[in-house]
Amino acid sequence: MMAAVLYGKEHVEVELVAMPELGPGDALVRVRAALTCGTDVKTFRRGYHAMMLKPPIVFGHELAGDVVAGPLTGKRVVAANSAPCGLCSQCRRGRPNLCEDLLFNNGAYAEYIRIPARILEKNTHVIPDGISYSDAALTEPLACVVKGLDDSGVSAGDTVAVIGLGPIGMMFVILCKLRGARVIAVGRREAQIARAKQLGADEGVIGEAVQGVLALTAGEGVDVAIEAVGKPETWQAAVAMLRRGGTVNFFGGPPKGTTVAIDTNLLHYSELTCKASFHHTPDAIRRAFEIICAGHVTAHDFVNGEEPLANLPGVMQHLMLQNGALKMAILP
């Protein structure tokens, strides 16, 4: 089969590789849509992923397709990129995203992918009629946002600042509005703000983010600030735009070794809550899939185009330019 193999920094080759071998309970899926994401672009730029990928390896993890062998043969499915063990101390504490034996699965940029039995059992869903492959493939990133929103405690009537308007930030905009929050979108370009407003944002801020958000909240600040950029300066800005008693979610992850200085006096006397959200859970995957099936999040709003697998190296180079594109659908 043809697959995109990551060899190192900005080096991907689309080439012939062996078909995946199935173990007991595994399924073989013919990939119909594999979506690009920010993590894949970072992996392409760096040449590896510390937790999931060591080259040479087939990569990509947002996918939907047809089961052609194993359980669920003949079904259209969306499979998550991981599944917890359900047995370790973190799983027993109700934090399966931190599972000590979290099973990851990559290889979506290929004609076929093996879905391990554990992921098939815990984190795979049959796609109903009327939902496209590209719609369904949004489940994994949306599940991360579902969990992030739960961690942030967003509720009806809250004012929320969403900092960073890539795919994840835009998903936060949609879900915050579904919860009845007032949303202030913080971005770098007018086009981002306009898109965020189309998806439900009430106001937008460009430039001096803290001053802009404070101006829109009569100097009080927001109930929740969600940082979806992953830079030290935006982590600090997110804290500075909170009201007293507010919550910040450091959703975007800066590079390893990054440190951020935060005023401890502000944290203490304003009783600020600092959260961070990692990955997703089977419950979040299920709820995200339900949101997609209900039509609240669609590929129409997030996928900018379709490309064949052979064009993936060029697509990754294009997305590295941060030119406003959200996602591309790779169609093996």
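Kindly evaluate GLU121 against the criterion of being farther than 27 Å from MET316 by Cα, surrounded by fewer than 20 Cβ atoms within 10 Å (Cβ to Cβ) and free of Cβ contacts under 8 Å to residues at least 24 places away in the same chain. It is false that GLU121 is farther than 27 Å from MET316 by Cα, surrounded by fewer than 20 Cβ atoms within 10 Å (Cβ to Cβ) and free of Cβ contacts under 8 Å to residues at least 24 places away in the same chain. Would you mind finding the one in PRO56, PRO20, PRO24, PRO71 that is at pLDDT below 95 and over 23 Å from the mean Cα position of the chain (by Cα)? None of the other options fit; the residue is PRO56. Looking across the range 159-197, the residues that are crowded, with 20+ Cβ neighbours inside 10 Å and either among the charged types (D, E, K, R) or in contact with a Pro (Cβ under 9 Å, 6 or more places away or on another chain) (or both) come down to PRO167, ILE168, MET171, ARG195. Of the numbered criteria (1) crowded, with 18+ Cβ neighbours inside 10 Å; (2) assigned to a strand (DSSP E or B); (3) not aromatic (Phe, Trp, Tyr), the one PRO20 fails is (2). Exactly one residue out of THR258, THR247 is touching a helix residue (DSSP H, G or I) at 6+ places or on another chain (Cβ under 7 Å) and assigned to a strand (DSSP E or B): that is THR247.
Of everything in the range 92-129 that is part of a strand (DSSP E or B) and touching a Pro at 6+ places or on another chain (Cβ under 7 Å), the residue that is farthest from ILE330 (Cα to Cα) is LEU103.
Filtering the range 27-53 down to residues that are in a strand (DSSP E or B) and at pLDDT below 95, which residue is surrounded by the fewest Cβ atoms within 10 Å (Cβ to Cβ)?
First, the residues of the range 27-53 that are in a strand (DSSP E or B): 27-35, 49, 53.
Going one step further and asking which of them are at pLDDT below 95, we end up with 49, 53.
On the way: HIS49: 20, LEU53: 22.
My answer is HIS49.
Quickly run through the range 130-158 and pick out the residues that are outside any helix (DSSP H, G or I) and out of contact with any strand residue (DSSP E or B) (no Cβ under 9 Å at 6 or more places or on another chain).
Taking the range 130-158 and keeping what is outside any helix (DSSP H, G or I), we get 130-132, 137-138, 153-158.
Of everything in the range 130-158, those that are outside any helix (DSSP H, G or I) and out of contact with any strand residue (DSSP E or B) (no Cβ under 9 Å at 6 or more places or on another chain) turn out to be GLY130, ALA156.
Residues in the range 175-197 that are assigned to a helix (DSSP H, G or I) and either more than 16 Å from ILE163 (Cβ to Cβ) or not hydrophobic (A, V, I, L, M, F, W, C) (or both): LYS177, LEU178, GLU190, ALA191, GLN192, ALA194, ARG195, LYS197. For the range 198-216, does any single residue satisfy the condition of being assigned by TED's automatic domain parsing to the domain that holds ASP263, touching a Ser or Thr at 6+ places or on another chain (Cβ under 6 Å) and either more than 20 Å from SER270 (Cβ to Cβ) or buried (at least 20 other Cβ atoms within 10 Å of the Cβ) (or both)? Within the range 198-216, none of the residues are assigned by TED's automatic domain parsing to the domain that holds ASP263, touching a Ser or Thr at 6+ places or on another chain (Cβ under 6 Å) and either more than 20 Å from SER270 (Cβ to Cβ) or buried (at least 20 other Cβ atoms within 10 Å of the Cβ) (or both).
When the range 60-76 is examined, which residues are found to be in a strand (DSSP E or B) and not charged (D, E, K, R)? Answer for the range 60-76, where residues must be in a strand (DSSP E or B) and not charged (D, E, K, R): LEU63, ALA64, GLY65, VAL67, VAL68, ALA69.
Of the residues making up the range 138-158, those that are more than 14 Å from ALA276 (Cβ to Cβ), surrounded by fewer than 22 Cβ atoms within 10 Å (Cβ to Cβ) and in contact with a helix residue (DSSP H, G or I) (Cβ under 9 Å, 6 or more places away or on another chain) number 1.
Assess whether PRO96 counts as being over 18 Å from HIS296 (Cβ atoms) and not assigned by TED's automatic domain parsing to the domain that holds ALA225. Full working, then the answer.
Numbers: over 18 Å from HIS296 (Cβ atoms): yes; not assigned by TED's automatic domain parsing to the domain that holds ALA225: yes.
Here the answer is yes, as PRO96 does meet what is asked.
Working carefully through the options LEU102, LEU165, LEU142, find the one that is among the aliphatic types (A, V, I, L, M) and more than 15 Å from the chain's Cα centre (by Cα). So that I can check it myself, show each step before the final result.
Numbers: LEU165 fails: more than 15 Å from the chain's Cα centre (by Cα); LEU142 fails: more than 15 Å from the chain's Cα centre (by Cα).
Criteria check complete, one pass: LEU102.
With respect to (1) farther than 29 Å from ALA137 by Cβ; (2) not in a strand (DSSP E or B), the lone exception for HIS300 is condition (1).
Here is a check on your reading of the model: is VAL162 modelled with pLDDT of 95 or more, assigned to a helix (DSSP H, G or I) and β-branched (Val, Ile, Thr)? Spelling it out, it is not the case that VAL162 is modelled with pLDDT of 95 or more, assigned to a helix (DSSP H, G or I) and β-branched (Val, Ile, Thr).
Restricting attention to the range 77-91, the residues that are of a type in the set (A, V, I, L, M, F, W, C) and not in a strand (DSSP E or B) total 5.
Taking the listed residues LEU309, LEU319, the one that is surrounded by 18 or more Cβ atoms within 10 Å (Cβ to Cβ), in the same structural domain as ALA80 (by TED's automatic domain parsing), within 22 Å of PRO167 (Cβ to Cβ) and at pLDDT below 95 is LEU319, with no other qualifying.
The values are calculated or read from the model by the stated rules, or taken from the named source; none is laboratory data. For clarity, every value in this text was computed on a predicted model and none was experimentally measured. Neighbour counts run over all protein chains shown; Cβ positions are idealised from the backbone, glycine included.
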